[in-house]
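> Have a look at this one.
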Amino acid sequence: MIQIDLSGAQKFFTKAGPDYAAASRAHEMLTSGSGLGADFTGWLKLPKAILDTELDRIVAAAEKIRSRSGALVVIGIGGSYLGARGAIELLRPVPGKGDPEVFFVGNGLSADAFCDTLEKLGDRDFDVNVISKSGTTLEPAVAFRIFRELLKKKYGAAADEHIFATTDARRGVLKTLADSNGWESFVVPDDVGGRFSIFSAVGLLPMAVAGIDIRRVIDAAIREFDALDLRSSENPAWQYAAARQNLCSKGFGVEILGCYEPSFRFMAEWWKQLYGESEGKDNKGIFPASVEFTADLHSMGQYIQEGPRNLMESVVRFRRSRYSCPVPNSEDNADGLNYLSGRDLAEICGVAADAVREAHIDGGVPNLVISCSARDEEGLAELVCFFELACALSGYMSGVNPFDQPGVEAYKKNMFRMLGKPGAV
Ligand code: PA5
């Protein structure tokens, strides 16, 4: 389970400290279904549900893709891609031998980025996993139209066999297309919103194609959600949610999520969407930002140390590193680094993290350490369950509905009007 160290935030809390009674009430609202958006809390039971429904079919589809294709093109945006990308980059930053490469498109409208991906894809055999709960989001819909044409050119009548659609069980254009063309399809459950859908086929199919053991992920997630049902201030999700809300009430309105693993970058993007879209409404919310350490200490470090004092910092640390990389000894010690000889890079990184923490706290930045067991399937499950639950609790504690995103529609309305979509005003 995730462990939290709040000692680096202690001196910044209000006198009363984190409000665990409020965290307890939020947890009760969530599990009893009495809170706002209760129709979208299916993610809490998703690992158990997927085990009984689509998991075997997802594994079989992934095996089919792995055996015949050099690449999988995942088309989706927001919650329909960030979880899978975060997980794959965290656990498989370098594709294993024989693993298909996973490309992500349809998460923007850049013609250049799209064509760059086509170039990287080259003439490899590929499959497409189009993911859209609504089935109507413009960015993935346009990318999918282009990829359907490419598939037809490459595979002719067999093109439909290379399309896997993950969408609503009953509604939407994508569902209609999938049914009429016979594409293998998977479901985004009605009671699960995009950003909470990583343990459905949305996250699991791309992860399995990339070589992640999704059965291990799901087994661990089931254990994790059970453990996180703990109703006490020992619950790390309560601690994180209550600490954030307390610090926010003291004017720390920006949270930077840091990690010393560059492979965490897209997990941080996933986290930003989860927290930004869940909490940023009704003129409330903590602004989620992210940094990659130690690289960003040489770019953002100055701001964190001495800029406006409205930042809190949460740092994800892995208790076990995957590899060992000792610093070699040098006979002439011309670079003066022999004091590090024989010490592992992972140990040096840990010391750097402690030093940064001390400096930032001294500089007035409350620091929370989120410690995860390892960069593996179980660690991924720990992080996802913890961040999802804490996000829901934190949202309820601040009085918002963490499961809707009405503000996202504003730009779409303008864009459709400007593009001349029939019926748009
Ligand atoms: O979390 C969410 O609900 C959003 O980020 C959606 O996932 C995103 O807008 C994509 O929507 P859809 O899956 O309907 O294409």
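> Select from the range 311-401 those GluC sites (Glu not before Pro) which occupy a DSSP coil region and have at most 15 other Cβ atoms within 10 Å, ordered by residue number.
Values: sites: Glu313, Glu331, Glu347, Glu358, Glu377, Glu378, Glu382, Glu388; in loops: Glu331.
Filter output for the range 311-401: Glu331.
> Can you give me the orientation-averaged projected area of the convex hull built on the Cα atoms of the range 3-63, in nm²?
Numbers: hull surface 29.8 nm².
For the range 3-63, averaging the hull's shadow over all directions gives 7.5 nm².
> Ignoring solvent entirely, what values of log10 I(q)/I(0) come out of the Debye formula for the range 40-219 at 0.10, 0.15, 0.16 Å⁻¹ when each Cα is a single scatterer?
Those come out to -0.33, -0.79, -0.91, one per q.
> Moving to a separate point now. Mind listing the long-range amide H neighbours of Asp125? Cut-off is under 5 Å, sequence gap 5 or more, other chains count too, H placed in the peptide plane at 1.01 Å from N.
Answer set, sorted by chain and number: Gly70.
> Which of Met312, Val384, Ile75 sits closest to the plus end of the dipole of the chain, meaning its Cα is farthest towards the positive end, when Lys and Arg get +1 and Asp and Glu get -1 on the C-beta?
Ile75
> So for the range 40-219, if I pair up every lysine 8 or more residues apart or on another chain, how many of those pairs have alpha-carbons under 19 Å apart?
Qualifying lysine pairs in the range 40-219: 7.
> Would you mind pulling out the separation of the Cα centroids of the range 157-204 and the range 208-268, in Å?
So the separation of the two Cα centres works out to 27 Å.
> Once every DSSP H run of n ≥ 4 in the chain is given -39500 (n - 2.57) and the sum is divided by its residues, what mean residue ellipticity at 222 nm do you get, rounded to the nearest 500 deg cm²/dmol? If you can, show how the numbers build up before the last one.
Details: 15 runs with 191 residues, N = 425.
Mean residue ellipticity at 222 nm (helix-derived): -14000 deg cm²/dmol.
> Order the peptides 161-167, 211-217 from the highest to the lowest mean number of other Cβ atoms within 10 Å of their residues.
On the way: 161-167: 24.4, 211-217: 19.9.
Top of the packing list down: 161-167, 211-217.
> Please list, or write none, the aspartates and glutamates whose alpha carbon is within less than 18 Å of the alpha carbon of Lys421, excluding same-chain residues fewer than 8 places away.
The qualifying aspartates and glutamates are Glu139, Glu409.
> On C-alpha positions alone, give me the angle between the axis of helix 377-398 and the longest principal axis of the chain, in degrees, nearest 10.
With both axes taken from Cα atoms, the answer is about 80 degrees.
> Another question about this same structure. Whole-Hz Karplus ³J(HN,Hα) for the range 319-325, in order, using 6.51 cos²θ - 1.76 cosθ + 1.60 and θ = phi - 60°, x for Gly and Pro?
In residue order, the calculated couplings are 6, 10, 9, 6, 10, 10, 8 Hz.
> For the range 1-124, what Kirkwood radius comes out of the mean inverse Cα-Cα distance, in Å? Intermediate results must be reported in sequence, preceding the final value.
On the way: mean 1/r = 0.0525 Å⁻¹.
So the Kirkwood estimate lands at 19.0 Å.
> Taking the Cα centre of the chain as the origin, how large is its charge dipole in debye, to the nearest 20, when only Lys and Arg (+1) and Asp and Glu (-1) carry charge on their Cβ atoms?
Values: 46 positive and 57 negative charges, 227 e Å.
That gives the chain a dipole magnitude of about 1100 debye.
> If each Cα of the chain is one equal point scatterer, what is log10 of I(q)/I(0) from the Debye formula at q = 0.12 Å⁻¹?
Each listed q maps to, in turn, -1.03.
> Something else: Between helix 55-68 and the chain, what is the angle of the helix's C-alpha long axis to the longest principal axis, kept within 0 to 90° and rounded to the nearest 10?
Roughly 70 degrees between the two axes.
> All other residues with a Cβ under 9 Å from the Cβ of Ser371 taken together, and with Lys, Arg as +1 and Asp, Glu as -1, what is their net charge?
Numbers: positive: Arg317, Arg319; negative: Asp5.
Local charge sum for Ser371: +1.
> Consider all pairwise Cα distances in the range 338-425 and report the whole-number % of them above 20 Å. It would help to have the intermediate numbers written out before the result.
Details: 2629 of 3828 pairs.
That fraction is 69 percent.
The numbers here are math on the coordinates, done by the rules we state, and not lab data. All values reported here derive from a predicted model rather than from experimental measurement. Cβ: placed from backbone, ideal geometry, glycine included. Neighbour counts: every protein chain shown.
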